[in-house]
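The values are calculated or read from the model by the stated rules, or taken from the named source; none is laboratory data. The model shown is predicted, which means the values in this text are computed figures rather than measured ones. Cβ: placed from backbone, ideal geometry, glycine included. Neighbour counts: every protein chain shown.
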Amino acid sequence: MDHDQSFMNLILDYPRESIAFFAPAVAATLPPDAEVVPVREEMLKERLGERFRELDVPLLVKFPAREVEAIVFDFEPYAEPARFRIRKLAHYCLDLSELFGTRRVVPVAVFLRAGEAERELRLGVEERTYLHFRYERCSLAELDAFAHAESRNIVARLNLMNMARPKEATVGLYGRSLRGLMELEPDSEKRRKYLDFVEQYAGLTPEERLQWEAMQPTEDIVMNYWAEKEQKAKAEGKAEGKAEGKAEGTLRTLSDLVQRGLLAAEAARAELDRLVAAGEVPELLAADFRGRLASVH
């Protein structure tokens, strides 16, 4: 399981939400009109050469409406705190400072598991400190899952299964993580992508999977959101071809949920009938999907 790659993708897909969740103290000082953009990998390779590391995730926060210098956030994901090297992080932050000609660099270390990691670095002698380096630290395993269970930040909701929780709360929090994904992510391809992310870290036992299926109502997490999204698309006058593409994306996600055991076939059929009746899925597409559902028991 490539944890570093998973979190790199998460931060690049949701840069603003990542700053808000992983570095809340700094995020609270950013104005609403701040623009967050990933730093191009090609630029880093060209300027940093062999010192470039692919799993570092720098984000540039710009303030187009203000005469304020940009801020560079450097996110470093670590599965194990024991892998963390504070000097390596300090060195890379100095590289970014030189590259962008700024002292406004915010290092952020994200730890998947609990454990000790060096918190600060001081270089100097007894009487004087010549370099004092610290970083923003987020240890997911030390966060309370219940405190984020209804968060409107999608990065928080996707990481509920990485947070501290009682064993008996696993299934309920798993459902809240999925519900957050469906409510907060409008893009069907990203919903499919981050279903994998939630599954990757959920690690449900067969017993917990059965418990989840038994808890699942027929109008579960995937239902209301899709209806609202399709209605909004129609109201905005989306082209028919694009609407059909959205319908296909909806059916692909619905199929994924059934195949993974996250949605009962009966509930999927009921949702399909509702989508067709509402004119949100063409009957031709629905007929093909019904045929595939017929083989699911």
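Listed by first and then second residue, the pairs with beta-carbon distance under 8 Å, at least 6 apart or on different chains, first residue in segment 139-150 and closer than 23 Å to Glu116 by Cα, second among the β-branched types (Val, Ile, Thr) and surrounded by 13 or more Cβ atoms within 10 Å (Cβ to Cβ), are Leu140/Val110.
Scan segment 155-166 and tell me whether some residue there is assigned to a helix (DSSP H, G or I) and over 16 Å from the mean Cα position of the chain (by Cα).
Looking through segment 155-166, none of the residues is assigned to a helix (DSSP H, G or I) and over 16 Å from the mean Cα position of the chain (by Cα).
Looking across segment 73-96 at every residue that is part of a strand (DSSP E or B) and out of contact with any Pro (no Cβ under 6 Å at 6 or more places or on another chain), the one that is farthest from Pro38 (Cα to Cα) is identified as Tyr78. Of all residues in segment 152-169, those that are touching a residue at least 60 places away in the same chain (Cβ under 8 Å) have Cβ atoms under 7 Å from Cβ atoms of residues that are among the charged types (D, E, K, R), 6 or more apart or on another chain, in Asn153/Glu17; Ile154/Glu17; Ile154/Glu185; Val155/Glu17. Selection of segment 257-268 for residues being touching a helix residue (DSSP H, G or I) at 6+ places or on another chain (Cβ under 6 Å) and part of a helix (DSSP H, G or I) yields Val258, Ala265, Ala268. Collect the residues in segment 70-100 that are without any contact (Cβ under 8 Å) to a residue 40 or more places away in the chain, surrounded by fewer than 18 Cβ atoms within 10 Å (Cβ to Cβ) and under 26 Å from the mean Cα position of the chain (by Cα), keeping them in residue-number order. Once the filter is applied, which keeps residues that are without any contact (Cβ under 8 Å) to a residue 40 or more places away in the chain, surrounded by fewer than 18 Cβ atoms within 10 Å (Cβ to Cβ) and under 26 Å from the mean Cα position of the chain (by Cα), segment 70-100 yields Ala70, Glu80, Ala82, Arg83, Arg85, Lys88. Within segment 11-35, the set of residues being more than 15 Å from Val110 (Cβ to Cβ) and surrounded by 18 or more Cβ atoms within 10 Å (Cβ to Cβ) comprises just one member, Ala34.
Every residue in segment 146-193 that is of a type in the set (A, V, I, L, M) and either touching a Gly at 6+ places or on another chain (Cβ under 9 Å) or farther than 21 Å from Asn9 by Cα (or both), please. Give the steps one after another, and end with the answer.
Within segment 146-193, the subset of a type in the set (A, V, I, L, M) is 147, 149, 154-156, 158, 160-161, 163-164, 169, 171, 173, 178, 181-182, 184.
Selection gives Ala147, Ala149, Ile154, Ala156, Leu158, Leu160, Met161, Ala164, Ala169, Val171, Leu173.
The residues listed here are Glu244, Glu219, Glu213, Glu280; of these, the one that is over 23 Å from Arg157 (Cα atoms) and either part of a helix (DSSP H, G or I) or modelled with pLDDT under 75 (or both) is Glu244.
Can you name every residue in segment 98-138 that is among the acidic types (Asp, Glu), part of a loop (DSSP other than H, G, I, E, B) and out of contact with any helix residue (DSSP H, G or I) (no Cβ under 7 Å at 6 or more places or on another chain)? Don't jump to the end; show me each part of the working.
So in segment 98-138, the residues among the acidic types (Asp, Glu) come out as 98, 116, 118, 120, 126-127, 136.
From what is left, the residues that are part of a loop (DSSP other than H, G, I, E, B) are 116, 118, 126-127.
Matches in segment 98-138: Glu126, Glu127.
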